[in-house]
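As structure tokens, the structure follows; a few thoughts come after it.
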Amino acid sequence: MSPGSARVSVRPPAEQVSAQQFAEDVAFYLTQTPRQLPSRYLYDDLGSALFEAITRLPWYRLTRAETGLLKTHARAILAACAPLTDAVELGAGSGAKLAQLLQARDSGSDALRVHLVDVSRSALTAAARLLVGLPATQVITHEATYEAGLAEFRRNQAGAGRTLLLFLGSNMGNFDPPQANELLRQIRNALQPGDLFLLGADLLKPERELMLAYADPLGVTAAFNRNLLVRINRELGGDFDLASFQHRALWNAAESRMESYLVSTRTQRVRIPEAGFELSLHDGETIWTESSYKYSREGLFGSLQDAGFARRQAWVDEDAQFALILVQR
Ligand SMILES: C[S@@+](CC[C@H](N)C(=O)[O-])C[C@H]1O[C@@H](n2cnc3c(N)ncnc32)[C@H](O)[C@@H]1O
């Protein structure tokens, strides 16, 4: 492919992230103890836009730290992966971090296929638009969960080239340790021997910093969280009264994770007709919407090793306490 002939292919959704699935998940998770909603549903169009706003907040340092590491070490990362034919990013969001890395490719580099896996259609559209502007780059979007996107990549892999798979933004932190370890194994199984995996992970840091990042003084994170109720009202005909729910962030030291909740500020009954159920909430009752695990370096290396990866290199932003780890299958 010559520079300028870049293009985007859109794969049909590998797993139906459909209205029916959303309705079933809402009904199932809201009736669990504790009540909860899967964090992947935070990312409708408005949710993705609000997340981008969060990345610009002075208190959310993660994105700037990781982008800085990618900028500084792009050449070392690309050299370790050469000759690269495929880059796969899980939960790419805006695609800005991958673009930051790939901008360091030599002019005249061989053609590269970029596979973007994300449940957010608007994020995929924005990322594809950004990345397709890079020379000799074909972009393939997969509107799918991580697991479905990985399975699809594996099925369609040409097999001839070398792949770099990226899981950035500490997205892994949304999974509890057994789920995260299972996902790491699935990532390994989607790769061929010699392929590389780049993991971005947020490290343990003082509680005060974490609280500012997940309950910012401007209320953008609160809007991001409460938008999940707006989404349920719009897509499933719900009647959540937004004024009766507050955002709450908590540091759970025993589990090493930030937890995000929506808290009912009064006793109330909520109807969600498209999900076929009603919900009674008492004053102060919570709905758990997100976990963001924070890691020790040793814990991360141990998990990657257990999943069958060999360590290549690691870079840490010591100020923001964020790690970028390159391992090989
Ligand atoms: C926290 S944002 C991070 C975006 C980007 N990686 C970054 O570091 O800025 C998470 C992204 O992953 C997507 N996402 C969340 N859960 C997902 C899942 N289970 N499967 C696929 N995509 C998911 C969201 O739509 C969103 O674009």
So Gly194 clears everything in (1) on the phi < 0 side of the Ramachandran plot; (2) not in a helix (DSSP H, G or I) except one condition, right? Which one? (1)
Picked from the stretch 105-141 (must be in a loop (DSSP other than H, G, I, E, B) and buried (at least 16 other Cβ atoms within 10 Å of the Cβ)), the residue modelled with the lowest pLDDT is Ser109
Filter the stretch 116-131 for residues that are under 20 Å from Gln103 (Cβ atoms) and acidic (Asp, Glu) and give the result. none
What residue, of Tyr60, Tyr43, is crowded, with 22+ Cβ neighbours inside 10 Å, modelled with pLDDT of 95 or more, within 12 Å of the ligand (Cβ to nearest atom) and of a type in the set (Ser, Thr, Tyr)? Tyr43
Among the residues of the stretch 283-320, write down those that are without any contact (Cβ under 8 Å) to a residue 24 or more places away in the chain and in contact with a strand residue (DSSP E or B) (Cβ under 7 Å, 6 or more places away or on another chain). Asp283, Gly284, Ala310, Arg311, Ala314
In the stretch 293-308, is there at least one residue being part of a strand (DSSP E or B) and surrounded by 19 or more Cβ atoms within 10 Å (Cβ to Cβ)? yes
Complete set of residues in the stretch 86-114 that are of a type in the set (Asp, Glu) and more than 14 Å from the ligand (Cβ to nearest atom): Asp86, Asp106, Asp110
The stretch 144-189 - residue that is more than 10 Å from the ligand (Cβ to nearest atom), part of a loop (DSSP other than H, G, I, E, B) and not hydrophobic (A, V, I, L, M, F, W, C) and, of those, nearest to Asp202 (Cα to Cα): Asp176
How many residues are within 18 Å of Tyr261 (Cα to Cα) and assigned to a loop (DSSP other than H, G, I, E, B) if we restrict to the stretch 224-242? 2
Which pairs turn up if I take residues in the stretch 26-41 that are in contact (Cβ under 8 Å) with a residue 24 or more places away in the chain and look for partners that are among the charged types (D, E, K, R) and more than 16 Å from the ligand (Cβ to nearest atom) with beta carbon separation below 9 Å, at least 6 apart in sequence or on another chain? Val26/Glu274; Arg35/Glu285
Criterion (at negative phi, basic (Lys, Arg) and not assigned by TED's automatic domain parsing to the domain that holds Glu278) met by exactly one of Arg234, Arg155: Arg155
Looking at the stretch 8-30 only, could you name the residues that are surrounded by fewer than 19 Cβ atoms within 10 Å (Cβ to Cβ), in contact with a strand residue (DSSP E or B) (Cβ under 9 Å, 6 or more places away or on another chain) and modelled with pLDDT of 95 or more? Ala27, Tyr29, Leu30
Identify, please: which residue in the stretch 115-141 is closer than 20 Å to Leu191 by Cβ and near the ligand (Cβ under 9 Å from one of its atoms) and is, among those, farthest from the chain's Cα centre (by Cα)? Val117
Would you confirm whether or not the stretch 80-91 contains a residue that is modelled with pLDDT of 95 or more, on the phi > 0 side of the Ramachandran plot and either crowded, with 21+ Cβ neighbours inside 10 Å or touching a Pro at 6+ places or on another chain (Cβ under 8 Å) (or both)? yes
Are any residues in the stretch 63-85 more than 11 Å from the ligand (Cβ to nearest atom) and not hydrophobic (A, V, I, L, M, F, W, C), and if so, which ones? Gly68, Lys71, Thr72, His73, Arg75, Pro83, Thr85
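The values are calculated or read from the model by the stated rules, or taken from the named source; none is laboratory data. Owing to the predicted nature of the structure, the values given are computational and were not obtained by experimental measurement. FYI the Cβ positions are ideal-geometry reconstructions off the backbone, even for glycines, and counts take in every protein chain you see.
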